[in-house]
Structure formats: C-alpha cells, structure tokens
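Right, one structure below, let's go through it.
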Amino acid sequence: MKHTFTCLSGDIELRPMTLEDSQRYRLLRNQDQNRFCFFYSGVISEENQYNWYAAYEQDETDIMFAFYYKGKFAGGNAIYHIDYEKGTGEYGRILVDKQSFPQKGLGSAITYHACQTVHRELGLSRLFAEIYEDNLPSLHACLNGGFHKAEMRTLENGRRIYYIEHTFSAGKDTP
C-alpha cells in the first residue's frame, strides 16, 4: 500500500518503496543466489514488476520498505497479509545487497526497524515469518531482529521451513 512510514537509525534508512526502488529490488531478487530464498523463485520481468507494483499500491494489507544504507539503495523488506482486526501480519521479502554492502548485521537491523515501525504505526502485536530451512541469512536476520522459532514445517514440495514469530510486549523490544 502507499504508506509514509519511515525509520532512520544511523546509516540505515527504511522508507516507502517507490516504483523505481521496486525495479532495483527486482534486479537483486532475480540474481541466482537470491531467487532460491523466495517461495516463487522464477525470474520476474520489468513488466511483471510494474504490474505487481500497481496492484501493491492498492493493497491495504501489504507494506514494502526500501532499505538505504549511507544514502544508497541496499535492498528491502515487507510486512504483508496484515490483519488489522487481529493485529497481525507476515514479515518477509527481506533482501540485502550483500555484494555491495557486506557489513554484518544489516538484515537484523532492517528486520528490527521494520517490525518496530509497523508496531508503532499500525499497532500490530504479532508478526510471523516462514523461512526456508536453508535460507540462513534471512533466518539469522529474523532471529536477531526480534523473532523466535516456533516450529518446523514441511511444505508440499518437500522443502522445510521455519515458522517463526515476533510478539511485542508493552516495553521496548530489542533485538
């Protein structure tokens, strides 16, 4: 959805994903080393991304963040399938351009800040994520960003995923 939520913490900035950001994100996501981490692992065309973005802007249950590090585009993440009545949502689509930004901890930081932002702005009380067992960078980013392991599940295709959760307490949540 079109939103105005931002977070600035040191060299890290999360801002609403623009169409231009989404095309940069698509190029990163289409790289072979990144595609296997997504439930849909096919290559996404520029036109498909444009169509997705047009639909995304109208979807009130989907928030995408562009991640900038020291003022340069470095990836993104999202909270989607938001259920405002239940105060829940799904976290994912986390992607950091590790070739350009090899610093450790960026994934954890953007996970933490995105989750805190939607908690603060939307009042969400619980987020969950489903991460392939072999997607260790995303798993570590989530666990270090405030999630905890809930259970292991096996998908119909035989791949195993971790189902993880992040619940917010009345006090400050820290990674």
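The values are calculated or read from the model by the stated rules, or taken from the named source; none is laboratory data. A quick note: this is a predicted structure, and the numbers were derived from the prediction, not measured. When we count neighbours, we look across all protein chains shown, and the Cβ atoms used for this are built from the backbone with ideal geometry, even at glycine. Just the protein is used for accessible areas: all its heavy atoms, side chains included, with ligands, DNA and RNA removed. Shrake-Rupley method; radii C 1.70, N 1.55, O 1.52, S 1.80 Å.
Within the range 127-166, can you find the residues that are touching a residue at least 12 places away in the same chain (Cβ under 8 Å) and on the phi > 0 side of the Ramachandran plot?
Gly146
Can you pull out the residues in the range 15-28 that are farther than 19 Å from Glu60 by Cα and of a type in the set (A, V, I, L, M, F, W, C)?
Leu27, Leu28
Could you list all residues from the range 40-67 that are open to solvent by less than 20 Å² (accessible area, probe 1.4 Å) and either assigned to a strand (DSSP E or B) or aliphatic (A, V, I, L, M) (or both)?
Listed by number, the residues that qualify are Asp62, Ile63, Met64, Phe65, Ala66, Phe67.
So which pairs qualify, if the first residue must be in the range 91-113 and on the phi > 0 side of the Ramachandran plot, the second must be of a type in the set (S, T, N, Q), the Cβ gap must be under 7 Å, and the two must be at least 6 apart or on different chains?
Arg93/Asn77
Hey, could you check the range 1-47 for residues that are touching a residue at least 24 places away in the same chain (Cβ under 8 Å) and of a type in the set (Asp, Glu) and say which is nearest to Cys115 (Cα to Cα)?
Glu13
Which condition number in (1) at pLDDT below 95; (2) part of a loop (DSSP other than H, G, I, E, B); (3) among the polar types (S, T, N, Q) is the one that Thr4 fails?
(1)
Which of the residues that make up the range 7-39 are under 12 Å from Met64 (Cβ atoms), in a loop (DSSP other than H, G, I, E, B) and over 14 Å from the mean Cα position of the chain (by Cα)?
Correct list: Thr18 only.
Can you tell me which residue among Tyr40, Tyr80 is modelled with pLDDT under 95 and not basic (Lys, Arg)?
Tyr40
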